[in-house]
Amino acid sequence: MPDTLPAAPDDAPLVGAPDADLLHVMSLNVRCAIDDTLPGSPDHWPDRAPLVGRLLARERPTLLGVQEAHFAQLTTVTGALGDDYRSVGHGREGGAAGEHSAIVYDARRLSLLWWDQFWLSDTPRLAGSTWDHVYPRVVTWARFRDERTGADLVHVNSHFDHESEPARVRSAEVVRDLVTGSGLPAVFTADCNAPAERSAPYDVLVTDGGLHDAWVVADRRLTPDVGTFPDYGEPVPGGERIDWILTSPGVEVRAAATSTWRQDGRWPSDHTPVQALLRLTAA
């Protein structure tokens, strides 16, 4: 069992900018902006946007997988991280329309070699297509070169369907084949809408699929074990982890964390960010 350290003070990052050859990876469902929410309500994006900005400016991940972000929300994300960061990914309706599962990266550290996006459907190149689930779902993935170590790596980011278990399983199979077929060290970030360690998508990817759950295999846990979807309420100890960071063999997980940071009782999102400190060890 990994060691668990006391939570960081409110004014200190849980992980922060990494030293040496380590990579800081974060997965964050920002909760889409809903136009008819009122000021003061937990969902109201103008109230939450500054909190998302403060969280990211403090943590400064090397790689960030974002889910649910509308195009305008991505400006908050990239603006908080600064001019050295870039993003890739289109909306799930095509172009800038709809929610994005974007990849944001520190361009000082990582050089983008190429990236792609496809839809989780039988017609993956058709924008907005589905496997008969209500909302389109996408996979965004990119290959990077770590300028500090010279190693290449693949980052895959997605948001699995919230209603259809068959769609989640098929999505997991697609991601598994993509990661294992890349032949490179890889990291997968996602809101999988399924509990880690006890769901069929987890079995496809981890139990039978050969990927590693960063929270489970980490050398250290920097925070207590809580569920990742508190829905603006108190985090549940030992609750369901539906937001995952998974890694391929050849990636060492030095630390993992689930951020429960909030300010004056307000949450940045209805999900908690999950974070990991990684080291590439082999292709």
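Which residue fluctuates the most in the chain, going by a Gaussian network model with Cα springs under 10 Å, if the choices are H24, H90, H162?
Comparing H24, H90, H162 in a Gaussian network model of the chain, the most mobile one is H162.
By counting other Cβ atoms within 10 Å of each Cβ, how are T37, T223 ranked from fewest to most?
Numbers: T37 15, T223 23.
Fewest-to-most ranking of T37, T223: T37, T223.
In deg cm²/dmol, rounded to 500, what helix-only [θ] at 222 nm does the chain give when every DSSP H run of at least 4 residues adds -39500 (n - 2.57) and the total is split over its residues?
Working: 4 runs with 48 residues, N = 283.
For the chain, the value works out to -5500 deg cm²/dmol.
In a GNM of the chain with a 10 Å cut-off on Cα contacts, which of A97, A57, A167 has the highest mean-square fluctuation?
Maximum among the listed residues: A97.
Please list log₁₀ I(q)/I(0) at q = 0.20, 0.22, 0.24, 0.29 Å⁻¹ for the range 219-283, using the Debye equation with identical point scatterers on the alpha-carbon positions.
So the normalised log intensities are -0.79, -0.89, -1.00, -1.26.
Percent relative contact order of the range 74-230, based on C-alpha pairs within less than 8 angstrom and at least six residues apart? Walk me through the numbers on the way to the answer.
Numbers: 258 pairs, mean separation 22.7, N = 157.
So the answer I get is 14 percent.
Among I34, V77, P201, flag the residue with its Cα farthest along the positive direction of the charge dipole of the chain, charges on Cβ as +1 for Lys/Arg and -1 for Asp/Glu.
Working it through, the farthest residue towards the positive pole turns out to be V77.
Determine ³J(HN,Hα), in whole Hz, for all residues of the range 228-233 in sequence, where each value follows from phi through the Karplus function 6.51 cos²θ - 1.76 cosθ + 1.60 and θ = phi - 60°; x replaces Gly and Pro.
9, 10, x, 6, 6, x
Report the percentage of all Cα-Cα pairs in the range 109-232 whose separation exceeds 21 Å, rounded to a whole percent.
Details: 3458 of 7626 pairs.
Result for the distance tail: 45 percent.
Figure the gain on full extension for E240 and L113 (residue separation times 0.36 nm, minus the Cα-Cα span) and round it to one decimal in nm.
Values: separation 127, 0.36 × 127 = 45.72 nm, distance 3.52 nm.
Computed gain between E240 and L113 is 42.2 nm.
Compute for the chain: radius of gyration divided by Kirkwood radius, i.e. Rg/Rh, restricted to C-alpha atoms, rounded to two decimals. The partial results should precede the final answer.
Numbers: Rg = 17.2 Å, Rh = 18.6 Å.
Answer for the chain: 0.93.
Just to check I understand the Karplus step: with θ = phi - 60° and J = 6.51 cos²θ - 1.76 cosθ + 1.60, what whole-Hz values come out for the range 116-128, glycine and proline as x?
Each residue of the range 116-128 in turn: 8, 9, 9, 9, 7, 6, 6, 10, x, 8, 8, 4, x Hz.
Using the Cα centre of the range 39-177 as origin and beta-carbon charges of +1 (Lys, Arg) and -1 (Asp, Glu), tell me which of S171, W131, Q117 is placed farthest towards the positive end of the dipole.
Positive-most Cα among the choices belongs to Q117.
Size of the dipole of the range 3-280 about the Cα centre, Lys and Arg at +1 and Asp and Glu at -1 on the beta carbon, nothing else charged, in debye to 20? Mind showing how you got there, number by number?
Numbers: 25 positive and 41 negative charges, 143 e Å.
In debye, rounded to 20, the range 3-280 gives about 680.
Return the equivalent ellipsoid semi-axes of the range 50-190 as a descending list in whole Å, where each equals the square root of 5 times an eigenvalue of the C-alpha gyration tensor. Kindly include the intermediate steps, with their values, before the conclusion.
On the way: eigenvalues 122, 73, 29 Å².
That gives 25, 19, 12 Å for the three semi-axes.
From the phi of every residue in the range 170-177, what ³J(HN,Hα) in whole Hz does the Karplus formula 6.51 cos²θ - 1.76 cosθ + 1.60 yield, where θ is phi - 60° and glycine or proline is x?
In residue order, the calculated couplings are 5, 4, 4, 5, 4, 5, 4, 5 Hz.
So for the chain, averaging the separation of alpha carbon pairs under 8 Å that are six or more residues apart and normalising by length, what relative contact order in percent results?
Working: 709 pairs, mean separation 58.9, N = 283.
Value for the chain: 21 percent.
Among DSSP beta bridges whose residues both lie in the chain, state the antiparallel percentage, nearest 5.
Close to 75 percent.
Since every read-out is calculated from the coordinates, none of them should be taken as a lab result. Predicted, not measured: the structure shown is a model, and the values here were computed from it. Ideal geometry is used to build each Cβ from the backbone, glycine not excepted, and the neighbour counts take in all protein chains shown.
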